[in-house]
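Below is one structure, written out as structure tokens, with a few remarks after it.
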Amino acid sequence: MWDPATGERQAEVVLAEPTDVEAAVAAARGAFVDWSETSLSRRAKIMFAFRQLLDENVGELARIVSSEHGKVLEDAKGEVLRGLEVVEFACGIPQLLKGEYSDQVSSTVDAWSFRQPLGVCAGITPFNFPAMVPMWMHPVAIACGNTFVLKPSERDPSASNLVAELYAEAGLPAGVFNVVHGDKVAVDALLDHPDVAAVSFVGSTPIASYVHARATEKRKRVQALGGAKNHAVVLPGADLGYAADQLAAAGFGSAGQRCMAISVAVAVGESGDALVDEVSRRAREIEVGPGLDRSSEMGPVVTPQARERIVDYIGQGAEAGARVTVDGRELAVNGGGFWVGPTVIDQVEPEMSVYRDEIFGPVLSVVRSGSLDEAIELINRNSYANGAAVFTGSGHEARRFQREVEVGMIGINVPIPVPMAFYSFGGWKDSIFGDHHIHGPEGVRFYTRGKAITSRWPATNAAGPGDAGSMHFPTPS
Ligand code: NAD
């Protein structure tokens, strides 16, 4: 594991063998029956205690995330707080798991439904939000009565260890939350394990697709969230200064390593030149430096390979004829580390690789567009469909955008429309494989399965008129 700010190795990660995964799943399976029978109020109390401990450890978690991922401390703190919101949502589990009840659906017959946990659930998570993305999963799964095995990214795994310690301190029984560090070997062992009932995955699209195919073949329930290419459309009536500020923050925050980063600005109409000037000016002003340095606004990227890939894409854009107005390829900080400065590429065309592919770095491509219709068509042709934003002064245009754009999350004058914990998060098309979005109401549905009960309690045990068994399919009387 690297220190992305210096380029030095900072730790070694011992990668799990299948036997380690076996031990974690066995622990989770062993804990399941007792945990699923633990009362809702007890589960909620443990979640409240966990929430309190997380709150007390926001600073420490943020420090760990910043030192391993490279993102700046305030940003790391922000991700921990957004994860904490999911824990707060999970604290409401007694309310969230309320079933439905219909009295007297037939004479002396009542019907109701409720939801039960699945068993052992697995989470496989990416490097870019090492605290928040796992928290999209395990608080909801555990509050619903499941046990959980987390396989965090091997590039920044330590936050998950502290989270496990906090769960234990909060009173969560041993075996309910387990962490396995590893790579493909550990992932495959989880996907194939007969005792794993459900898999939540967040990562790149090719791996999401693979995880979904392999785990559904093993008859598991799967939600696999993939990569993104998020567009922000700036319409002629928008406040250009505000839009430029938002684009710079959403394009370069966390060095563009966010699945909801804006990587394409679509400039509609004649204000395109002014927008590019404004965004380029802001990009040049961003203070780039080590994540743990409080004056830094943007940190390094995560690995040397990531840096190489991003630099290569910028070169491809330039070669294809796009205009690099701010070029971050040569940035050097402190003589080491994996640095790419904020980069703006104008006059990008849809067939260029900088537009087509997810670069996952601090690179904002600008595509020029003649109209809102054209911009919507461009977004809908893209195979990624996580988020999209529109900057406009017109409610009518905003309404058209929200209805016609085919992505999972829309921002209106909001560049990174990450839903609050009590809504669900997820994209469409190649940004997700599986039917359930993550956390919020869809998270509760994902981690539980429904049961419908029909019961009859006549006044006495003696059969009355009409109570005799019928050979016909039952209909209400
Ligand atoms: P990744 O796909 O490389 O890794 C994700 C997880 O899969 C890791 O735990 C990793 O160990 C495992 N993995 C990697 N290769 C594997 C293989 N061949 N077989 C089995 N498992 C494998 O993703 P990353 O680089 O860690 O994260 C960045 C990606 O995640 C970006 O594409 C980003 O858009 C995406 N992401 C998406 C969302 C979302 O909500 N849609 C959120 C965050 C990140």
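The numbers here are math on the coordinates, done by the rules we state, and not lab data. In this text, all values refer to a predicted model and were calculated from it rather than measured experimentally. All Cβ positions, glycine included, derive from the backbone under ideal geometry; neighbour counts span all protein chains shown.
I need the Kirkwood Rh of segment 123-264: take the reciprocal of the average 1/r across all distinct C-alpha pairs and report it in angstrom.
Averaging 1/r across every pair of different Cα atoms and inverting gives 16.8 Å.
In degrees from 0 to 90, rounded to the nearest 10, what is the angle of the helix 272-285 Cα long axis to the longest principal axis of the chain?
Once rounded, the angle reads 90 degrees.
Plugging the Kirkwood radius over Cα pairs into Stokes-Einstein for segment 230-412, at a temperature of 37 °C and a viscosity of 0.692 mPa s, what D comes out in µm²/s?
For these conditions, the coefficient is 202 µm²/s.
Could you line up M471, M137, M260 from fewest to most neighbouring Cβ atoms inside 10 Å?
Going from least to most buried by this count: M471, M260, M137.
Kindly provide the helix-only [θ] at 222 nm of the chain, computed as the sum of -39,500 (n - 2.57) over DSSP H runs of four or more divided by all residues, to the nearest 500 deg cm²/dmol?
Rounded to the nearest 500, the figure is -12500 deg cm²/dmol.
Would any residue of segment 102-128 have its amide N under 18 Å from a label point 7 Å out along Cα→Cβ of R456? List them or say none.
Correct set: 102-112.
Ranked by Cβ crowding within 10 angstrom, fewest neighbours first, how are W457, W2 ordered?
W457, W2
Pull up the DSSP beta bridges for the chain and report the antiparallel fraction as a percent, rounded to 5.
Given both bridge residues lie in the chain, the antiparallel proportion sits at roughly 35 percent.
What number in nm² do you get for segment 329-477 if you take the convex hull of its Cα atoms and divide its surface by four?
About 18.5 nm², averaged over all directions.
For the chain, list log₁₀ I(q)/I(0) at each q in 0.08, 0.10 Å⁻¹, using the Debye formula over Cα point scatterers of equal strength and ignoring solvent, two decimals each.
-0.52, -0.77
So how do K220, K151 line up by other beta-carbon neighbours within 10 Å, fewest first?
With the fewest neighbours first, K220, K151 line up as K220, K151.
Pull out the extension gain between W112 and T38, defined as 0.36 nm times the separation in residues minus the alpha carbon to alpha carbon distance; nm, one decimal.
Contour length minus the Cα-Cα distance gives 24.5 nm.
Based on DSSP, what percent of beta bridges with both residues in segment 25-150 are antiparallel, to the nearest 5?
Restricted to segment 25-150, the bridges split so that about 50 percent are antiparallel.
Size of the dipole of segment 310-387 about the Cα centre, Lys and Arg at +1 and Asp and Glu at -1 on the beta carbon, nothing else charged, in debye to 20?
Value, rounded to 20: 160 debye.
Once the Cα atoms of helix 240-252 and of the chain are each reduced to a long axis, what angle between those two axes, in degrees from 0 to 90 to the nearest 10, is obtained?
70 degrees
For V199, list long-range residues whose amide hydrogen, built 1.01 Å from N in the peptide plane, is under 5 Å from its own amide hydrogen.
A122, R221, V222, Q223
If you take the charge dipole of segment 158-254 about its Cα centre, with +1 on Lys and Arg Cβ and -1 on Asp and Glu Cβ, which of S160, G203, G241 is farthest toward its positive end?
Going by the Cα projections, it comes out as G203.
Arrange the peptides 115-123, 318-326, 238-246 so that the one whose residues have, on average, the most other Cβ atoms within 10 Å appears first.
Highest mean packing first, the order is 115-123, 238-246, 318-326.
Above 28 angstrom, tally the Cα pairs of segment 3-145 and express them as a % of all pairs, no decimals.
Of all Cα-Cα pairs in segment 3-145, 36 percent lie more than 28 Å apart.
For every other residue with a beta carbon closer than 14 angstrom to the beta carbon of A76, add +1 if it is Lys or Arg and -1 if Asp or Glu, then tell me the sum.
-2
So what's the angle, to the nearest 10 degrees on a 0 to 90 scale, between helix 73-90 and the longest Cα principal axis of the chain?
20 degrees
How much length would be gained if the chain were fully extended between V414 and D55, taking 0.36 nm per residue of separation minus their Cα-Cα distance, in nm to one decimal?
Residue separation times 0.36 nm, minus the Cα-Cα distance, leaves 126.6 nm.
Fully extended, how many nm does the chain gain between L81 and L331 (0.36 nm per residue separation, minus their Cα-Cα distance)?
Going from the current span to full extension adds 86.9 nm.
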